[in-house]
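Readers should treat all values here as calculations from the given coordinates under stated rules, not as data from a laboratory. On a predicted model such as this, the values are computed, not experimentally measured, just so you know. Reconstructed Cβ throughout: ideal geometry from the backbone, glycine too, with neighbour counts over all protein chains shown.
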Amino acid sequence: MSIPLKNAQEIAEMRKSCVLAATLLKAVADFIEPGRTIKEIDDYAGRRIQEAGARSPFLGYKGYPGYTCISVNEEVVHGTPRNRHIQYGDVVSLDLGVIYGGWVGDTATTVAVGEIAPEVRKLLDVTEQSLHLAIDKARSGNRLSDVSHAVESFVQGNGFSVVREFVGHGVGRTLHEEPQIPNYGPPGNGPKLKPGMTLAIEPMVNLGDSRVKVLADGWTVVTADGKPSAHFEHTVLITEKEPEILTIPEGVSLRRR
Ligand code: MF3
Ligand code: CO
Ligand code: CO
């Protein structure tokens, strides 16, 4: 078991792939509108990824059939390109990765299409906040499960539940490296975090209970109770000092926290 550490040169290259992933995530999120199908949005993402000189690390991964994962309302993650139409009032989770210059960037967001119920707005806010609380624990000397615990405690404190079947992960030359990063568990366990580790932290949070199932397409994960779910993800670099969020779009200043 070993977690790859990236040197300065490799980090410089990963910054580029991650900025690209974030920039494209924003562009594709802006393309999500009522009436469009998931397939149309995924095709648009595929074109944008290709135009940027990159590839999708999802396409063909264990046979995955899309460039992105687009998961609507009760869908949690891994929503495949389908004819489902986006409707006013939907919440849409978009997960976008690129391979660029040999390095992967992986990032996701959940967007509201028009007006949504206040409890669903809170679900999105709590999920995004839980990601940032987790990132704040992604510091040299902390243990991996400090990151996991930050998500779970905040989410549970707000009355929502964390999906347990899917986890975050190390990311670098390939999409999924060691370690696996659950969004639950007691603090103080697992490997010590070290500068040069690059981690994709990605809470998946359900409005109802934590149970999920996979649809007949073999990919699309949905909540068992049919209630909405949210997903936010950043690729993060452990440094000697503050954690650095690598998946910040081009032109957005890096706020050092
Ligand atoms: N992007 C997902 C993650 O964040 C993985 C998607 S793999 C796919 O780890 F095959 F479903 F695309
Ligand atoms: Co992802
Ligand atoms: Co990921």
Task: All positions within the stretch 29-42 that are surrounded by fewer than 24 Cβ atoms within 10 Å (Cβ to Cβ) and either assigned to a strand (DSSP E or B) or hydrophobic (A, V, I, L, M, F, W, C) (or both) - done: A29, F31, I32, T37, I41
Task: Residue satisfying all of: in the stretch 95-147; over 26 Å from D43 (Cβ atoms) and among the hydroxyl-bearing types (S, T, Y); farthest from ligand 2 (Cβ to nearest atom) among these - done: S140
Open item on the list: Here are the criteria: (1) away from ligand 2 (no atom under 16 Å from the Cβ); (2) over 23 Å from I11 (Cβ atoms); (3) hydrophobic (A, V, I, L, M, F, W, C). Tell me which single one V221 does not satisfy.
Closed with: (1)
- [ ] Considering every residue within the stretch 43-62, establish whether at least one is on the phi > 0 side of the Ramachandran plot and free of Cβ contacts under 8 Å to residues at least 12 places away in the same chain.
- [x] yes
TODO: Check Q87 against each of (1) buried (at least 16 other Cβ atoms within 10 Å of the Cβ); (2) away from ligand 3 (no atom under 16 Å from the Cβ); (3) among the polar types (S, T, N, Q) and name the one condition it does not meet.
DONE: (1)
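Those residues that are aliphatic (A, V, I, L, M) and either crowded, with 24+ Cβ neighbours inside 10 Å or within 11 Å of ligand 1 (Cβ to nearest atom) (or both), I need them from the stretch 93-112; list them, please.
L94, L96, V98, V104, A108
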Open item on the list: Just checking, does the stretch 106-123 include any residue being of a type in the set (A, V, I, L, M) and part of a helix (DSSP H, G or I)?
Closed with: yes
Open item on the list: All but one of (1) away from ligand 3 (no atom under 13 Å from the Cβ); (2) touching a strand residue (DSSP E or B) at 6+ places or on another chain (Cβ under 7 Å) hold for W103; state the number of the condition that does not hold.
Closed with: (2)
Open item on the list: Just the residues that are in contact with a Pro (Cβ under 9 Å, 6 or more places away or on another chain) and surrounded by fewer than 16 Cβ atoms within 10 Å (Cβ to Cβ), please, taken from the stretch 211-238.
Closed with: D217
